[in-house]
Amino acid sequence: MEIIIQPNADEASMIAARHVARLVRDKPNAVLGLATGSTPLMMYRELVRMHKEQGLDFSEVTTFNLDEYVGLSPDHPASYHAFMWDNFFSHINVKRERVHVPDGQSSHVPAFCRKYEEAIVAAGGIDLQVLGIGSDGHIGFNEPSSSLASRTRIKTLTAQTREDNAKAFGSADQVPFHVITMGVGTIMDTRHVIILAFGEKKAEAIAGAVEGPITAMNPASILQMHPVATCIIDEGAATKL
Ligand code: GLP
């Protein structure tokens with residue numbers, strides 16, 4: 001794993017945005033795997049700036065998001081659909097039909113998850129996957145003890161993650177219990193992974209992911225086995241390395 005430590009989250013986000021932009025320029029029909037959460041926000045902002053000021057073209061790009069809460073409609077303000085449109089898709093020229101976010105309202109979740117996996121394969125596989133990390137080492141919503149070979153499926157959130165994600169819902173008891181997430185195996189099939197983490201709150205998870213043993217108790221640690229993984233963090237997230 002390549003580890004890049006930057007003085008702050010701004011500079012780390014610029015590096016991540018430049019990786020995405022380089023791929024999109026070299027391969028206009030690139031397939032991007034995208035993440036939600038506060039961590040990639042500055043990267044999205046920079047990509048929007050590059051689109052507006054430098055004409056970075058997303059018209060042929062396909063995207064697949066990692067996860068979504070079960071039961072939320074796409075226009076629920078705390079849904080990851082809404083997050084992605086508000087913070088990124090509405091501000092670039094990506095085509096709606098090339099955007100994929102798991103359907104939290106699917107009436108048959110296992111069938112939906114199989115189709116999501118098939119759609120990734122049909123698109124040619126994910127060229128670049130952007131990841132954040134949960135304070136417990138989760139990637140996507142693959143909580144500790146997730147199978148390291150898992151595919152897209154339904155998962156139950158831990159109390160810790162529901163607490164961590166409470167802000168968007170007002171309180172932890174409003175956070176759905178279930179989510180649909182790409183699996184750890186799905187993430188491992190991507191051609192390049194960039195994992196971002198900022199602040200001391202993420203230091204322990206990052207230390208486990210980068211220097212700890214590979215264990216399902218820190219799902220991000222499997223990235224040590226990924227052939228092209230780049231970990232871009234700020235000094236706070238690097239304090240336990
Ligand atoms: C959620 C998302 C993850 C994200 C994590 C960290 O659980 N499913 O993809 O990495 O939150 O969020 P934040 O970046 O806000 O710390």
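FYI, it's all coordinate maths here, none of it is from the lab. In this text the structure is predicted, and so the values were computed from the model without any measurement. Neighbour counts run over all protein chains shown; Cβ positions are idealised from the backbone, glycine included.
Measuring against 25 Å, Cα to Cα, the residue pairs Lys52/Lys115; Lys95/Lys115; Lys155/Lys202 contain Lys52/Lys115 as the ones spanning a longer distance.
Please tell me the relative contact order of the chain in percent, rounded to the nearest whole number, where contacts are Cα pairs under 8 Å and at least six residues apart.
Values: 513 pairs, mean separation 60.3, N = 241.
About 25 percent, as a whole number.
Once the convex hull of all Cα atoms in the chain is built, its volume per residue stands at 110 Å³.
For the stretch 43-177, a crude dipole built from +1 on the beta carbon of Lys and Arg and -1 on the beta carbon of Asp and Glu, taken about the Cα centre, is about 160 debye to the nearest 20. Listed by chain and number, the aspartates and glutamates placed with their C-alpha closer than 14 angstrom to that of Lys240 are Glu200, Glu204, Glu211; residues fewer than eight positions away on the same chain are left out. A Cα-only calculation for the stretch 41-146 places Rg and Dmax at 14.6, 44 Å.
In terms of its C-alpha gyration tensor, the stretch 21-86 has a prolate overall shape, because the principal axis ratio a/c (a ≥ b ≥ c, square roots of the eigenvalues) is not below 1.5 and a/b outweighs b/c.
Just tell me, in residue order, which DSSP H segments of the chain are both 18 angstrom or longer along the helix axis (alpha-carbon based) and at least -1.0 in mean Kyte-Doolittle hydropathy.
Values: long enough: 9-26 (26 Å, -0.02); 41-54 (19 Å, -0.74); 109-122 (19 Å, 0.38).
Taking the DSSP H segments of the chain (at least 18 Å long, mean hydropathy at least -1.0), we get 9-26, 41-54, 109-122.
Here's the list of aspartates and glutamates a cross-link from Lys201 could span, going by alpha-carbon distance under 15 Å and ignoring same-chain residues fewer than 8 apart: Asp136, Glu163, Asp164, Asp234, Glu235. Considering only Ile180, Ile139, Ile15, the Gaussian network model of the chain with Cα springs below 10 Å gives its largest mean-square fluctuation to Ile15. Quote the Stokes-Einstein diffusion coefficient, in whole µm² s⁻¹, for the stretch 137-241, based on the Kirkwood radius over alpha carbon pairs, a temperature of 10 °C and a viscosity of 1.306 mPa s. Translational D for this selection: 112 µm²/s. Among Gly183, Gly132, Gly71, the largest mean-square fluctuation in a Gaussian network model of the chain (Cα springs under 10 Å) belongs to Gly71.
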